[in-house]
Every structure is written in structure tokens, then in C-alpha cells.
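See structure below.
The values are calculated or read from the model by the stated rules, or taken from the named source; none is laboratory data. All values reported here derive from a predicted model rather than from experimental measurement. Note that each Cβ is placed from the backbone with ideal geometry, even for glycine, and that neighbours are counted across all protein chains shown.
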């Protein structure tokens, strides 16, 4: 390890919140994705999510947005930030069946957006699990990953392997 | 859907926190598991996690325990609960390479433990991601699932497919 | 003032969280109501709240439930509690026009439910305001009151004047 | 609805935190007002609020300031912000009798101040209710409204109807 | 170290929230004390703390009560609990000069009260510091200690050395 | 008191969050220190803090960093801020014996850093207490003080008396 050291530890190995004071404030965006694998029966129940039947994805969307805002409370070494935008989108993949969640975060800061997007997507998926667990306990949450990122010194990142 | 309805919606389809007032207080346990797939190089950096080099898993463990305690703040329809115990354990799987996280929750209540264990395991994995993201941006968090559950009306659950 | 003293102050006038250690744990319920007066145009926009148009009341319901759970964080002298149930219901009154919100809380404890129901109903109404404020800045939130209460030493309360 | 759409939903009707990345940082102020109607007897008890008798309004003021700071935690789609100033003022109206609360917020940001002032005023009124509820259960919280607002694209707003 | 092991680590040295599931629910009380040393000039300013001059100790009392309630959010391995009572008292010692704070906590649980009392007393003292720091930057917070404790397996503890 | 008034009260003596809107955004740093006096036996147990025996100081460091980030939630009149850096360092003083904690905060803002450093150092010390309290109940937390401060109108402060 030469130029690939952990940034979250000081020279003595102590955990620190990284010093970003010398960094410039830039516009940063990050998109994270993840998914929950469910039974076909559960998927049908969710798809019926109108005002009548109960809107699982609507509740999960709010959970994801609120969790993204609180990332610095949940992830110990994340910087508290202000936000320009958070959104959560879902795609239903019928064949497998599973629901894909995407969280998109935009902010102006010296750091950030990546963990916020990952935290948002994860909280949204956990909320889907919570609301469906009376129907289905074999659900699996996975494939949580950074999808794209812009801004900051490290520049544009786009996931190669999907 | 006859006896397989969503419990988190009322007859009108409105999201509710499930009424557990008629349930008995029982001892409940839940174990959830999940994993993060990382590069071999990142795994070696984490394995060197002594006081000297920085203890990634130690920080992630605290994050998981603290997040499990705050599940009702993160998952909209979860009941606020008191806890008897929360622990997080990690297993390093060298060959693949990946780190498996396990969260074990015990409590006395009318509901709970399952979402708390899942939230704990997820926050621990997100924290590993956060601390290693300067080394490796291709990390993948997945396989988050309920592993075992005891107590309550639904009784003992043990995951069939690992 | 003889038997009608403040309970939230000690003999020296210092604010305290009331000592409930000698009280019995009983099942307690409370219902609180409140309303937001809006323009007819805004009401029509909200009524169109399907998955297509955006579900204002669905978001407000989640906000109300989550805030009720966090009452002890918001109201300084409230006791932290566990909950059996929280729900939020809305009634649209077309003629005036306004939306009435009702929050119903059930819990087993030595105190509580009343402030939790009031906090839930208020957060739901503030969220409706937030989501409609680009349309209408003359909205008015009011008529926030305890509607009914059971359990505890003071017994059954039912609001006389509506 | 042409230029009067909800800003908190995307084209598909999904709730979003509004994208403010293109907005300029400006100084923003907002004043919100509200009131609690109480019995004359309760008002007298509150008026005696010196160090000796217990300072209801002093506690309510702190509750309002702290809640205003946490608006983004309570209102799902509000942006987390930094603040320049928050204050809460009370006016006692003897004749009716009622207490009027006013929350004034100042901040530098791309959005905000309005919901923060409304949340602050509401938490202050709920806290008065909490501290007086052993004396008086017929209290009514109402007339919560935006009073004045400056800064941002929408410019100066001053409530026409009081 | 034979029967004097850390309880907050498992056999492998991993931090855990102690398993209290086998413990009985008992009534527990704890009293913690601490103090802030200030200049005589600052003490005079605080003593003038009426409605007219600003009530430093009134604000600090609310801060201490609210922080005690949130102990499990601040101290990583503390159990979330319900509370029966929290109070904060101050004694002004003119000669030295300093202000002593005392936090008293009562609850029914399998664990707790001690850290809650210590957290409450500390937050109260930090708040006094915050409110006086424009007057005096040489203030010193100290002598924070458990004063008395009852309930639970370890029984009655009363501090020997004051 | 002429130019030495409390800044946290308005002219009427009401607690306020100080108006910093006219202040410039500057880089601010603060260092706070404090210590916990423990028995020699407890110190030896802590010193054995490797992955095997349990890392008391590692857990306390995370607690301190997370609490510093949440200062505005704990101290009623503190401004919510973004942060550039937070770190916690410990020094073991064998002779006495005691552990000294130091919290260093850096941020860009119109105010802040001082209370954040004090809150961080205090939470770290409380966490050491929590983890050692099964071994030692005579521990004493003290000597909590601002050590150094730069930035802002008041300029450089360096503690004279250690």
C-alpha cells in the first residue's frame, strides 16, 4: 500500500473523519442502485399498490429520502452535509422477480453524495422488506453498489461491471 | 390474497404501524446476515486492522449496533422498542474475497427483532464500504437476509436456502 | 391552585420529567385531531393524488407516524415510550375546503399517548403544508386538539366541544 | 394546473426532495405564527412563570428552537440546512385568553426558512400544551400560518389576511 | 482479571451491547453529579437569571433532561430504555465560584440509569458553558461522577469519596 | 455588565440562537481536552485493548466523533453546521492513572467548532466510563476545557492555565 491508504485512519491507525478543509466546494452527484428479490406472489401484491391496496413503494421512497438525509448520523465517519436533491426510483423486474431501487443525490460540498446515495437505496429496500415480511420471509436484499458519481477530485466514476 | 394480506396497511390501503396491543410480550431473537464483496487488496488492508493500522471492522461493528438501536427511526412503520442485546460479528472469506456480517438481536416485546437485525447488518456493511471506498469503488453489498428468528406468534424461522 | 398544580415543575419551580414510577402500566389510547384550510384549487390537486399525480396524503401519513414515535425527542418533558400502534387518517371536507387529520395512538405504559397523538397529527399537517406551499401560501393549520383518551388514572376523556 | 404544479413530485408522481442545485444561495428569513387557546385559570398559572413557579414559556421556547433546527428530520421532503438564527417569542392575549407564538428563522441557503419557522412555532405550542395538560384538557392549538418571508426567487411574502 | 472482566466485549474482544435478557426488570435509580468552575463575574450574570436577564440554568436543565433521554443514541453500547423520571438540580457555590449540577434518573428496566444520569449532568454543564462562553472562556467542567445508585443485581452504591 | 452581556438572550431575557447572518464564513478550528481518572487495574485492562481483549478507546473515539457531529441536537442554542474534520486522540498517563482525551474540530462557517470539540471530548469520556463501569465505579471525569481556538471575530485563543 503506497498511495492507496485508508483515508479514514490517521498515521496511528485511529479512526478519523477525513479533513476536507482544503478541498473546494463543488457540485457532486451520486447514483446508487440495489435490489430486493421477492416471490411472484409478493410482487403482485406490491404492484396492486394503489391508494386502495397500500402503496409499498411510496412508503419505501420516503424512508429512502429521509435516511439519505441522515447518513452522517448512521455512518460514523461521514461528514454532515446540506443537500440539493434526493430522489428514489423503483423498477419492477417481473421475470425474476425483483424490485430495483435507485437513489440519486445532488449536493454542493467538499465531499459526499456517494454514501448518501447508498444509504438511501438501502433504507428504501429495508422498508420494502418490512412491509412485505408478513407475506414472504425468503426475500433477499442485494446488489447494492455505486452506479455513477461526478464532482470532486476523483472525477467521473461509472460502474464498469453492472 | 386471503390470509396473506399486508399487515402494514389498513382496509383502506393506508400505511399504519401494526396494532400489537393484543400480543403478548415474549422474548424474541433474530439473526440477519449479509456480505460485502471486495478486492483482495482491500481485504488485506482490512485484515491488517490492528490498533496500528486502523480497525475497519471495529468501527463497522459500532455502526451496526447503533443503527440497530435506531431502527424505528429509519424504517417508517417499525415499533420503537427496548433491547436486551445487540451484537455484530464478521467472518472473512478469503477465497472470493468478501466479508460476511451477522447481526444478532434479542429483546422482550410484542413485536420486533427481525428488522432490527437487518438494519444492524446493513449499517455495518455500509460502514465497511465507507472506510474502504478510497481503495476500491467496485465493492458490492448483498445477500442481506433473515437467517433465524425465534419468539412471537410466527415461531421459529430458519432460512432454508442459504 | 390547590389540586390543580403544574406537574412538570418541582416545588422550586424547576422543570422536571414527571415521576411516574409509582403508576401502573396500563393500556392507553389517545386520538387527536387537527386540520389544514386550503384553497379549492389546492384541494383538487391533492385529490388527484394517485400514483400518477403524487400522493400528498400518503407522504403526510408517514411523516405523522414517524413524528409520533419521536415525540419524546421533540417535546422536552415527554417520557420515551414503546408503542403498540400509531395511525393517521385524513378526511377531506370539500365545502370549506379543508383536510382533517386524525392521529390514533395505542401503547402500554405508565403515561403517554396524548402528546404522541397531538405530535403525529401536527407533523402530518405540516407535511401537507410543505408539499402544497408552491401552490398556496395562505394555508392555515388549526383546530389541533385532544379528541379522546382512555387508560391511566384520569380515565376516559371525550372532548365536549368539537 | 399549468404553472401551478406540485414541486415535491416528479413527472411520474413520485415524491422527491426538490432539486435546488441551480438556485443561488441567498439570505432567507421567515416568520410563522400560531396560538394556543387556554382557560383563564391556566393563563394565570403560566403568567406566574417565574423561577419560583416554573417557566412554561421558557421551556416551550427551547422546544421550538430545537425543533426548528430538526425540521428536515421531521418533514420528509425538507432539505437539511445550516441556520443563521432562530428565535421564538410569545405574546399573552388576556381577554380571549390565549398565547400567541412567533418563530423567526434566518439562514443562507438555496431554499428554506418557511417550514423551519412553522415547525418551530408548532413545537413551542405543543410544549405549552404538554406542560399545562394536567390543568386543562380543552386547550386548542390553531391559527398556524406563515406570516412573512423574504429571500429566494419568490421574493417578499406578507400575509394579507391576519 | 478473573471476575472483573469487561462486560462490553465478547470472548473474542468484540464490542457488544451486553445481553440483559436473563435479568429481571427492577426499579432503578441513579444520581450523578458534576460541576462547572466559572469566574465570579459570570456567576453574577447567571444569578441574575430571571425572566428579564435570561435564565441560563433553566435552559441547561432542559438540555440535561433531553440528553438523558437520548443516552442510548450518544453512548454506543447503552441499551435504549423507557424512563420513569429525570430531573436536574443546580447548586450555586459562591465562594469558589462554581455551579454544581445533579441529575437524578428513575426507571424500570433490566439495566440502566447510571449512564443516563451521567449524560444528563454533562449535557447540562456543557449548555451552561455554551451560554456563558461569550463572557468567560476559562470555564472548566469537572468532577463528573456517579453519586448514588439503587436497584439491579449490584445493589446500592453510594460514593465514598465525595 | 456593559459589553459583556450574554449573547444567548435577547433584550427581554429570552433564550435565542444567536443571529450570525452578518458574520463571514471563515475556517474555524477548536481543540478541547478532558480526562477520566481511573484505577490502575482498569487502566491495565484498557491498555490490553487489542482486537483480542476489546478496544475501549476505539469505541470511545467513534462515540466522540459521532457526538461532535450532533452537537446542535444536544446543546439547545448551538447552530447546526457542516464539518470539515473531527478527530479524537487519547493519551494514557500511567502515574496518576488517567486517560486524557482531546477532540479537534475544523469547519467553515459563521460560528462554531468550540462546543463541537467540547461535546466530542465529553462523549468520548462518558463512553470510556460506560465500558469500564463493571470494573470500577469510582471513576471521575473532569478537566473538560477549551484548549485552543482559531478563526472568527474573537481570533486566536490559547488556554493560559493548563
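For the criterion of being over 21 Å from residue E:71 (Cβ atoms) and free of Cβ contacts under 8 Å to residues at least 12 places away in the same chain, residue F:10 passes. Among the residues of region A:8-44, those identified as out of contact with any helix residue (DSSP H, G or I) (no Cβ under 8 Å at 6 or more places or on another chain), buried (at least 16 other Cβ atoms within 10 Å of the Cβ) and within 18 Å of residue A:146 (Cβ to Cβ) are A:18, A:28, A:29.
In region B:121-141, is there at least one residue being closer than 18 Å to residue A:120 by Cα and in a strand (DSSP E or B)? Checked against the condition, which is being closer than 18 Å to residue A:120 by Cα and in a strand (DSSP E or B), region B:121-141 yields at least one hit. Looking across D:32, D:15, one residue alone is within 21 Å of residue D:72 (Cα to Cα) and at pLDDT 95 or above. It is D:32. Within the span defined as region C:140-158, every residue fails to be within 17 Å of residue D:6 (Cα to Cα) and touching a helix residue (DSSP H, G or I) at 6+ places or on another chain (Cβ under 6 Å). Looking at this structure, is residue B:113 on the phi > 0 side of the Ramachandran plot and within 17 Å of the chain's Cα centre (by Cα)? Yes, satisfied. Counting only helices (runs of 4 or more DSSP H) that sit wholly inside region D:1-111, those with at least 3 residues that are under 30 Å from residue F:107 (Cβ atoms) and in contact with a strand residue (DSSP E or B) (Cβ under 6 Å, 6 or more places away or on another chain) are D:56-69. Collect the residues in region A:53-86 that are farther than 22 Å from residue B:123 by Cβ, within 7 Å of another protein chain (Cβ to nearest Cβ) and surrounded by 21 or more Cβ atoms within 10 Å (Cβ to Cβ), keeping them in residue-number order. Across region A:53-86, the qualifying residues are A:54, A:55, A:58, A:82, A:84. Filtering region A:145-162 to residues that are assigned to a strand (DSSP E or B), more than 7 Å from chain B (Cβ to nearest Cβ) and free of Cβ contacts under 8 Å to residues at least 40 places away in the same chain leaves only A:158.
Looking across F:112, F:142, F:120, one residue alone is over 20 Å from residue E:154 (Cα atoms), touching a residue at least 40 places away in the same chain (Cβ under 8 Å) and within 7 Å of another protein chain (Cβ to nearest Cβ). It is F:142.
Kindly indicate the residue of region C:42-52 that is at the interface with another protein chain (Cβ under 7 Å from one of its Cβ atoms) and under 24 Å from residue C:95 (Cβ atoms) and also modelled with the lowest pLDDT among those meeting that condition. So, considering only residues that are at the interface with another protein chain (Cβ under 7 Å from one of its Cβ atoms) and under 24 Å from residue C:95 (Cβ atoms), the one modelled with the lowest pLDDT is C:50. For region B:94-103, which positions are within 13 Å of the chain's Cα centre (by Cα) and surrounded by fewer than 23 Cβ atoms within 10 Å (Cβ to Cβ)? Of everything in region B:94-103, those that are within 13 Å of the chain's Cα centre (by Cα) and surrounded by fewer than 23 Cβ atoms within 10 Å (Cβ to Cβ) turn out to be B:100, B:102.
Take the conditions touching a helix residue (DSSP H, G or I) at 6+ places or on another chain (Cβ under 8 Å), crowded, with 24+ Cβ neighbours inside 10 Å and farther than 23 Å from residue D:161 by Cα and apply them to residue C:115. Does it pass? I'd like the intermediate steps shown before the answer.
Working: touching a helix residue (DSSP H, G or I) at 6+ places or on another chain (Cβ under 8 Å): yes; crowded, with 24+ Cβ neighbours inside 10 Å: yes; farther than 23 Å from residue D:161 by Cα: yes.
So residue C:115 passes the test.
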